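The values are calculated or read from the model by the stated rules, or taken from the named source; none is laboratory data. The shown structure was predicted, so the numbers you read here are calculated from the model rather than taken from an experiment. A quick note on method: Cβ atoms are made from the backbone with ideal geometry, for glycine too, and the neighbour counts reach across all protein chains shown.
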Amino acid sequence: MRVLITGAAGFLGSHLADRLLAGGHEVVGMDNLVTGSRDNLAHLAVDPRFSFREQDVTDYVEVDGPLDGVFHLASPASPRDYLELPIETLQVGSLGTHRALGLARGKQARFLLASTSEVYGDPLIHPQPEGYWGNVNPIGPRGVYDEAKRFAEALTMAYHRCHDVDTRIVRIFNTYGPRMRPRDGRVVSNFIVQALTGRPLTVYGDGSQTRSFCYVDDLVEGIVRLFERGGPEPVNLGNPHEFTVLELAQRVLALTGSTAPIVYEPLPVDDPKVRRPDIGRARAVVGWEPTVALDAGLAATIEYFRHKLS
Ligand code: UDP
């Protein structure tokens, strides 16, 4: 296959590029480098099957030659980023998705949307199955991301129904691993960097809110399987093992051997109190489930940050 990845210089995009190249495919990467980094792709410079274009997917996009797939991953994805870039986040989710779908339609390529567990908002059903419609505050600060992705899902389904585009929607739950930015503001990177530099670990609220953390290799495997063998209905991808944020802080302290203290800071507005995927559909459709336990994934991520910080 020859595929386009929007957001290729990001955390997930760069791992997906690696995986597709390893599978023998040709990859065109696109990124406007607002939250992505060329460093994530530097190791691919020597691969003749990889090419990169610095471009904003909200502008008119043209790609020379045939395309078999479009993986639309471009978007700020850390709460810190989308709260700082609210309008860009709404634009890439709406206009950017429209451009990417238009390109897929023109090329008769399969299209995959990277959606999010944030479509469930602060969920009232737990764990979250795909049939749950969510509890999103459209005018709260997180609404810029949640509603952009909800709109992107609606547009993807409209292109599927009206234009017969072969589409996939994956709802990605909290994912972590090497190539997260040290200062992207997410909990795993924050805690690891804080622990390694001996600064206090910042737990927001009382730390009783839960998340379910999926290692990036597992996630990418799920994306590729669903792209190849899935259908148009949305599919959750995430690790169903649920932890409180305080438990995560304690795991990070134990695994780094850090003696940094824990401090408590205010909980962000509309921060979901619980989050855990029901992955029954991913299991049934493509036989996918995560294989990397939290401690093993954290150990690999800690190694990455140790190296990066030195
Ligand atoms: N969080 C925290 N300390 C931090 C960063 C995040 O306690 O330094 C909490 C945050 O309030 C949320 C959870 O960790 O409850 C996950 O936050 P993250 O930004 O990683 O992603 P989210 O799941 O909110 O999209």
- Could you please tell me which pairs satisfy a Cβ distance under 8 Å, a separation of 6+ or placement on different chains, a first residue in segment 278-305 that is among the basic types (K, R), and a second residue that is buried (at least 22 other Cβ atoms within 10 Å of the Cβ)? R281/V235; R281/N236
- When H25 is evaluated against the numbered criteria (1) over 18 Å from K107 (Cβ atoms); (2) more than 16 Å from the chain's Cα centre (by Cα), which criterion, by number, is the only one it fails? (1)
- Message: Tell me yes or no: at least one residue of segment 44-53 is farther than 21 Å from G222 by Cα, among the small types (G, A, S) and either part of a strand (DSSP E or B) or touching a helix residue (DSSP H, G or I) at 6+ places or on another chain (Cβ under 6 Å) (or both).
- Response: yes
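Results for (1) in contact with a Lys or Arg (Cβ under 8 Å, 6 or more places away or on another chain); (2) among the basic types (K, R); (3) under 28 Å from V119 (Cα atoms), shown as yes or no for each residue.
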position: Q209; (1), (2), (3): yes, no, yes
position: L246; (1), (2), (3): no, no, yes
position: A249; (1), (2), (3): no, no, yes
position: L255; (1), (2), (3): no, no, no
position: G297; (1), (2), (3): no, no, yes
- Query: Taking A9, is it farther than 21 Å from E233 by Cα and without any contact (Cβ under 8 Å) to a residue 40 or more places away in the chain?
  - Reply: no
- Query: What's the number of the condition V144 fails, among (1) crowded, with 23+ Cβ neighbours inside 10 Å; (2) of a type in the set (A, V, I, L, M); (3) within 15 Å of the ligand (Cβ to nearest atom)?
  - Reply: (1)
- If a residue has to be over 18 Å from K273 (Cα atoms), more than 9 Å from the ligand (Cβ to nearest atom) and buried (at least 20 other Cβ atoms within 10 Å of the Cβ) to count, how many in segment 197-213 make the cut? 0
- Task: Could you tell me which of the residues T97, T175, T167 is at pLDDT 95 or above, in contact with a strand residue (DSSP E or B) (Cβ under 7 Å, 6 or more places away or on another chain) and within 16 Å of the ligand (Cβ to nearest atom)?
- Result: T175
- Task: Look at L21 and say whether it is in contact with a strand residue (DSSP E or B) (Cβ under 9 Å, 6 or more places away or on another chain), surrounded by fewer than 24 Cβ atoms within 10 Å (Cβ to Cβ) and assigned to a helix (DSSP H, G or I).
- Result: yes
- Item | Complete set of residues in segment 229-281 that are among the basic types (K, R) and in contact with a strand residue (DSSP E or B) (Cβ under 9 Å, 6 or more places away or on another chain) | R251, K273, R275, R276, R281
- Message: Would you confirm whether or not segment 273-286 contains a residue that is within 16 Å of the ligand (Cβ to nearest atom) and over 19 Å from the mean Cα position of the chain (by Cα)?
- Response: yes
- Of all residues in segment 149-189, count the ones that are assigned to a strand (DSSP E or B) and more than 16 Å from the chain's Cα centre (by Cα). 1
- Which of the residues that make up segment 22-43 are in contact (Cβ under 8 Å) with a residue 40 or more places away in the chain and either aliphatic (A, V, I, L, M) or in contact with a His (Cβ under 6 Å, 6 or more places away or on another chain) (or both)? M30, V34
